[in-house]
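Values in this text are rule-based calculations from the coordinates and carry no lab data. For clarity, every value in this text was computed on a predicted model and none was experimentally measured. Neighbour counts are summed over all protein chains in view; Cβ atoms, including those assigned to glycine, are modelled from backbone coordinates with ideal geometry.
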Amino acid sequence: MKPIIAPSILAADFANIQSEIEMLNQSQAEWIHIDVMDGLFVPNISFGFPILEAVHKHATKTLDVHLMIADPGRYITQFKNAGADVITVHAEACTHMHRNIQQIKDLGVKAGVALNPHTPIQVLENVIEELDLVLIMSVNPGFGGQKFIQNTYRKVKETKQLIEAAGSKTLIEIDGGVNQENAAMLLQSGADVLVAGSFVFSSPDPIKTISSLKEVVY
Ligand code: DX5
Ligand code: ZN
C-alpha cells in the first residue's frame, strides 16, 4: 500500500501560509501535519489555535495535530473546535493517557499517541486497541531539520507486532528527519504515514518531492 504523506507546516513560510496550504491542497499529501509546542514539554514554542484556524480555513486535507504540550487534556476540545481531524498527545505528557484518548474519541476525532525516542512501545500495550494512530518520534521533539535516529526501524517493527497481536487497525506514523533515503526502509518496517517538514519545504519543488515520497518503492 502507498503511504500517507503528511507534510509538516513547521517548515512552511508563515508569512504566506495561504499559498503554502493551497500548494499542499494541489499535492498528493493526504494529511497536513501541525506541530504545536508549548515551551514546557519541549524546549521550543511554535503556534496555537489562530494558526490552526487559518490553516483550516484554506485546507482541503486532513489536519493532523501533534500536541507537544504538557497535560494536553486541558486543550483537546479547543483543538477540535479549531479544525483538528486527528489529535495526537505524547505518552510522556499524559498522567491519564487512557482518559485523554477517550476525550479525543468522544469528540469524534481520530486519536493518536506519540512516543519520544527513549519511550518503549510497551507503554501502549493496554491502549493499543483504542488508538487510531501511533506516532513514533524519529528525532527528539522540538525542532525541525534534525537527524533521523536509526533505532526507529526496530521500534516500528515492534509497534507493528503489537498492533497485529491486538488485531487492531492502528496506523503507524513516523515523525522527524524523514527523507527519500530512509522512507523505503520505514515502509518496509511497517510505517503507514510519513511526516516530512524540511525535506518537503526546503526542496525546490515541494509538490514533486511529496509525489516522490508517495511513490517510494519498498
Ligand atoms: C519535531 C516535529 C516534526 C518536525 C519534522 O518536533 O514534531 O513534525 O516538524 O520536521 P523534519 O521533517 O524537518 O524533521
Ligand atoms: Zn510532529
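Return the lysines within reach of residue 160: Cα separation strictly under 17 angstrom, same-chain partners fewer than 8 residues apart disregarded; answer none if there are no such residues.
Those lysines meeting the cut-off are 2, 169.
What does the net charge come to around residue 41 if you take all other residues with beta carbon closer than 10 Å to its beta carbon, with K and R at +1 and D and E at -1? Intermediate results must be reported in sequence, preceding the final value.
On the way: positive: none; negative: 38, 71, 92.
Residues near residue 41 contribute -3 overall.
Could you calculate the FRET efficiency of residue 2 with residue 161 from 1/(1 + (r/R0)^6), where r is the beta carbon distance between them and R0 is 25 Å, rounded to 0.05? Don't skip to the end; give the middle numbers.
On the way: r = 22 Å, r/R0 = 0.89.
About 0.65, to the nearest 0.05.
Per 0.36 nm of contour for each residue apart, how much would the distance between residue 168 and residue 147 grow if the chain were fully extended, relative to their Cα-Cα spacing?
On the way: separation 21, 0.36 × 21 = 7.56 nm, distance 3.08 nm.
Result: 4.5 nm gained on full extension.
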